[in-house]
């Protein structure tokens, strides 16, 4: 009888060690991927406190208010201006990233939110049409709440929000979103527990 239980205990121990080793291996792999990507995202800042993003209402292209963040969804939220050439380049790159993620079936939502003044909304609309970025950049920070929360020094600025609504990273300026290390890092995020 004792031998029988010893066998079960031994099997349970082997399984527990195996699960732990698998988890440790995944953590090491993720850290390696993260470090490689952060070298490419030169102006990335890890948000150590990882605050929960409050519910913030922004306007969509029809003028209706929508709420951010979307719980259960990893998000890249980019602030931009139609007067900023660097912003347009960054949005074009984010659009390509969005198409890549759709191809992988990844659980990411990428949006661009204009911070332009109401008097400049016509220019925003023209810019969106000209660069064919309406799929992701059709949002407007009508109340300035997102700007207040993100407190950007300049635009473009992007935050990475996890599926629980916590802000993980803030990236200033244009980023190398299409770099293979950056894509691997972003694709790995939804699969890391307790992120």
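Mind listing whichever residues of the stretch 62-77 are over 19 Å from residue 158 (Cβ atoms) and either within 13 Å of the chain's Cα centre (by Cα) or assigned to a loop (DSSP other than H, G, I, E, B) (or both)?
62, 63, 64, 71, 72
Scan the stretch 29-64 for residues that are in contact (Cβ under 8 Å) with a residue 60 or more places away in the chain, closer than 24 Å to residue 127 by Cα and either loosely packed, with under 11 Cβ neighbours inside 10 Å or out of contact with any strand residue (DSSP E or B) (no Cβ under 6 Å at 6 or more places or on another chain) (or both) and report the count.
Total meeting the criteria: 1.
For the stretch 170-181, check the following and say yes or no: at least one residue is part of a helix (DSSP H, G or I) and closer than 21 Å to residue 59 by Cβ.
No, that holds for no residue.
Could you figure out which of (1) assigned to a loop (DSSP other than H, G, I, E, B); (2) out of contact with any helix residue (DSSP H, G or I) (no Cβ under 8 Å at 6 or more places or on another chain); (3) within 25 Å of residue 35 (Cα to Cα); (4) touching a residue at least 24 places away in the same chain (Cβ under 8 Å) isn't true of residue 143?
In the conditions (1) assigned to a loop (DSSP other than H, G, I, E, B); (2) out of contact with any helix residue (DSSP H, G or I) (no Cβ under 8 Å at 6 or more places or on another chain); (3) within 25 Å of residue 35 (Cα to Cα); (4) touching a residue at least 24 places away in the same chain (Cβ under 8 Å), residue 143 misses (3) alone.
Given (1) buried (at least 21 other Cβ atoms within 10 Å of the Cβ); (2) touching a helix residue (DSSP H, G or I) at 6+ places or on another chain (Cβ under 9 Å), where does residue 134 come up short, assuming only one miss?
Residue 134 satisfies all of (1) buried (at least 21 other Cβ atoms within 10 Å of the Cβ); (2) touching a helix residue (DSSP H, G or I) at 6+ places or on another chain (Cβ under 9 Å) except (1).
Going through 152, 190, 156 one at a time, which residue ends up being in contact with a strand residue (DSSP E or B) (Cβ under 6 Å, 6 or more places away or on another chain) and under 20 Å from residue 103 (Cα atoms)?
190
Mind listing whichever residues of the stretch 39-57 are in a strand (DSSP E or B) and in contact with a helix residue (DSSP H, G or I) (Cβ under 6 Å, 6 or more places away or on another chain)?
The answer is 44, 56.
Output the residues belonging to the stretch 89-102 that are buried (at least 22 other Cβ atoms within 10 Å of the Cβ) and more than 20 Å from residue 189 (Cβ to Cβ).
Scanning the stretch 89-102 gives a single hit, 91.
Out of all the residues in the stretch 78-113, which are assigned to a loop (DSSP other than H, G, I, E, B) and within 16 Å of residue 172 (Cβ to Cβ)?
81, 84
Where a number appears in this text, it was derived from the coordinates with a stated rule and is not lab data. Note that this is a predicted model, so its numbers are computed, not measured. Glycine gets a Cβ as well: all are built from the backbone with ideal geometry, and neighbour counts include every protein chain shown.
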